[in-house]
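Q: For reference, the structure I am asking about is given below.
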Amino acid sequence: MTTTRRQIPPFILLLGFVFCVFLAVFTLARLGLFYFSPATLDSGQLIRESFFQGFRFDSVVISYSLILPFVLLSINHFLKRPRPQLAKTVVIYLKLLPAPMLLVCCADIPYYQYFNSRLTSSVHLWLDNLPQMLGFLFATPEFYPFIAAFIIVSALLIILIGKVANGLLSSGNVSNNRVVHYASPLLAAGLLLVGMRGGAQNRPIVLKDGFFSNSAFINQLCLNPVWTYLDSFKFFTLNYFSNEVDAIAEVRLNLRIPETGGFKSPIARRTDNLDAGQKKNVVLVLMESMSADQMGVFGNPRHLTPFLDSLSTQSLFFKNFYSCGIHTCNGIFGTLYGFPTLMADHPLMNIQNLRLHFSGLPQTLSDRGYTNLFFCTHDPKFDNLGTFIPRNGFHRLYSIKDYPPQENLGEWGVSDEFLFKYALPKIDSLHMAGKPFFTTLLTISTHPPEFLPPNTSFKPKSKIIRDHVFEYADWAIAGFMKQCATKPWYNNTVFVFLGDHGINLLESNTQGKYAAPLSLNHIPFILFEPSNPAMKETRETFGSQIDVFPTVAHMLGIDYVNNTLGVDIIAEAKPQCFFTQDNKLSVISADYYLVIDKSGNESFYCIGGKKISPAEQENQIAAFKRYAYSMLQTTQVMQDRAMVEIGKGL
């Protein structure tokens with residue numbers, strides 16, 4: 001009987017098969033992203049180019065993942081006596097390899113829908129409470145197709161690769177042609193090297209190569225999620241000031257800080273207000289996912305927030321206000337402590353920040369005799385609130401551990417309705433004790449998964465399920481304010497309402513044209529003082545959460561030392577502000593919008609059709625970058641040198 005001799009070594013055929021399998025998986029994942037994303041007006045040529053560029057990025061990821069099995073199987077190939085156990089070990093590696101890649105691909109699509117970004121290491125922000133996050137995933141029906149795809153396809157690929165590997169590696173003889181014996185692995189090695197470079201070119205492919213069009217979606221479509229995930233672990237490098245002294249000088253210029261302030265901190269400055277009369281209380285409501293685009297006052301036609309819309313007309317209302325980042329931890333840190341989040345960082349879990357004591361609004365009011373309470377709906381371990389909040393100016397943190405078990409509705413704890421109901425008696429007790437108070441309430445009901453509390457009397461009007469929770473959140477706030485109006489402390493209280501961050505509104509017509517959608521950061525900022533009916537005005541000045549502390553201090557009329565990067569946007573107009581979306585840095589003014597990603601790609605937009613010459617655009621970009629870079633670098637200096645601490649940095 002004759003034995004068929006293969007011309008190509010079986011291990012090379014196996015690796016070629018695995019390469020094609022992974023390429024098919026990545027292509028299908030890219031098609032999935034295209035399908036689940038909003039309709040694009042981009043040309044077919046651009047879409048085809050995006051898929052071609054995607055093949056190059058996919059090839060890099062696949063080639064790097066196959067280097068180890070190629071080297072091991074090549075060694076085995078050239079041994080006089082090949083080691084079967086070595087080949088079996090490599091096959092196990094190849095069978096297990098699809099699972100992590102598939103996991104990234106399946107997580108990438110819903111991640112993009114939520115954050116308008118391919119998958120990055122920011123997914124780790126929630127790993128501090130893994131059981132809660134797993135519960136969240138399995139409680140959200142929108143994730144079920146992706147979870148099912150991961151399980152089913154992973155199992156099929158394990159079986160398929162195993163069968164093909166067994167068939168090829170156990171097939172027996174190969175060609176006795178010595179040229180083929182030696183040349184085939186060398187040729188395969190050359191192809192892998194080409195793949196690792198993303199093609200036959202002078203240099204390896206880099207993230208910038210994905211940005212070949214003016215379409216933000218097309219540029220992201222071509223990227224590989226495994227690539228973006230691994231690349232995001234690199235330090236966020238932008239062209240910061242080479243000298244920190246220059247960065248601080250730029251910040252002092254922007255903040256109008258006098259040359260001689262008598263403080264050790266380079267940004268500390270004293271503000272003298274009236275500081276007379278009875279101390280006003282403060283109730284701050286940090287509203288989960290409350291994007292400005294969800295409110296009627298910003299043009300939403302679905303009437304989701306009638307109470308907040310009405311309240312904005314009776315308050316000091318800021319229309320051009322932005323969250324520091326796109327996560328709750330960014331919103332808490334910026335709002336309460338007046339500093340931005342360093343790029344792709346978790347400010348409440350940063351080891352460096354955990355050894356510091358930040359000044360900001362809580363500590364300033366505590367030093368003036370206020371009792372500070374923080375109410376959240378969920379486990380205090382989430383976002384490390386249980387450690388960070390009591391350490392930085394709050395006397396008491398209330399969480400799911402304090403509420404009746406029957407009120408626990410799932411992964412995010414109690415409802416907004418119950419949170420407000422529970423907080424009112426605690427606030428009443430402080431008033432009866434004759435103590436001024438500062439209360440922060442962190443809502444949750446608009447966070448996915450979307451569902452209404454089972455025993456609520458609220459009845460939604462919208463036919464869109466996603467809208468129900470925003471209607472409910474507004475209704476719960478209206479009920480809370482109605483109850484507050486009956487309290488003796490009501491007229492001596494400043495109420496502050498703002499979003500912790502926004503959401504990625506895929507249906508919005510404006511989202512497709514910006515590399516960093518504004519709906520993720522554009523939030524309402526409402527200052528309501530019942531005893532001051534004259535305080536009814538809509539302001540166009542720009543601001544962000546880092547400005548909350550000095551602005552609220554203005555409402556309270558207190559003397560204070562501002563050792564933050566925020567400014568009082570009641571007293572002075574702010575022409576621009578900056579914010580982040582994990583690996584993207586943005587700066588916006590009334591006329592222009594700049595987005596910079598971690599690879600240095602810049603996207604510049606003129607707002608409202610304003611025209612600008614190339615020279616003017618270059619100057620505007622340079623000015624925006626000086627402003628944002630100096631702020632972030634100064635933040636880093638302040639934290640590195642512990643100059644944010646009370647009594648140490650001042």
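Q: Scanning for something surrounded by fewer than 20 Cβ atoms within 10 Å (Cβ to Cβ) and either of a type in the set (Lys, Arg) or within 26 Å of the chain's Cα centre (by Cα) (or both), does region 554-567 turn up at least one residue?
A: No, region 554-567 has no match at all.
Q: Which condition number does Trp489 fail, the rest of (1) free of Cβ contacts under 8 Å to residues at least 40 places away in the same chain; (2) touching a strand residue (DSSP E or B) at 6+ places or on another chain (Cβ under 9 Å); (3) not polar (S, T, N, Q) being met?
A: Here Trp489 clears every test but (1).
Q: On to the next question. Taking the criterion of being free of Cβ contacts under 8 Å to residues at least 24 places away in the same chain, out of contact with any Phe, Trp or Tyr (no Cβ under 7 Å at 6 or more places or on another chain) and hydrophobic (A, V, I, L, M, F, W, C), would at least one residue in region 577-597 satisfy it?
A: For region 577-597, residues free of Cβ contacts under 8 Å to residues at least 24 places away in the same chain, out of contact with any Phe, Trp or Tyr (no Cβ under 7 Å at 6 or more places or on another chain) and hydrophobic (A, V, I, L, M, F, W, C): absent.
Q: Condition first: touching a Leu at 6+ places or on another chain (Cβ under 9 Å), farther than 15 Å from Leu103 by Cβ and surrounded by 16 or more Cβ atoms within 10 Å (Cβ to Cβ). Now tell me which residues in region 130-167 satisfy that.
A: Selection gives Ile161, Val164, Ala165.
Q: For region 507-528, does any single residue satisfy the condition of being of a type in the set (Asp, Glu), in the same structural domain as Phe604 (by TED's automatic domain parsing) and either assigned to a strand (DSSP E or B) or under 23 Å from Cys329 (Cβ atoms) (or both)? Walk me through it before giving the result.
A: Kept after step one, since they are of a type in the set (Asp, Glu), are these residues of region 507-528: 507.
Remaining after also requiring in the same structural domain as Phe604 (by TED's automatic domain parsing): 507.
With either assigned to a strand (DSSP E or B) or under 23 Å from Cys329 (Cβ atoms) (or both) added as a condition, the list becomes none.
Looking through region 507-528, none of the residues is of a type in the set (Asp, Glu), in the same structural domain as Phe604 (by TED's automatic domain parsing) and either assigned to a strand (DSSP E or B) or under 23 Å from Cys329 (Cβ atoms) (or both).
Q: Mind checking which pairs have a first residue in region 404-425 that is more than 13 Å from Phe451 (Cβ to Cβ) and a second that is basic (Lys, Arg), Cβ under 8 Å, 6 or more apart or different chains?
A: Going by the 8 Å Cβ cut-off, the qualifying pairs are Leu424/Lys487.
Q: Enumerate the helices (runs of 4 or more DSSP H) found wholly within region 216-258, keeping only those where 1 or more residues are in contact with a helix residue (DSSP H, G or I) (Cβ under 9 Å, 6 or more places away or on another chain), among the small types (Gly, Ala, Ser) and surrounded by fewer than 19 Cβ atoms within 10 Å (Cβ to Cβ).
A: The helices (runs of 4 or more DSSP H) meeting that bar are 244-255.
Residue-wise test of (1) among the aromatic types (Phe, Trp, Tyr); (2) under 32 Å from the mean Cα position of the chain (by Cα).
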{"position": "Pro425", "(1), (2)": "no, no"}
{"position": "Phe437", "(1), (2)": "yes, yes"}
{"position": "Thr456", "(1), (2)": "no, yes"}
{"position": "Lys459", "(1), (2)": "no, yes"}
{"position": "Glu471", "(1), (2)": "no, yes"}
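The values are calculated or read from the model by the stated rules, or taken from the named source; none is laboratory data. Note that the coordinates shown come from a computational prediction; the quantities given were computed from them, not determined experimentally. Positions of Cβ are generated from backbone atoms using ideal geometry, with glycine treated the same way; all protein chains shown enter the neighbour counts.
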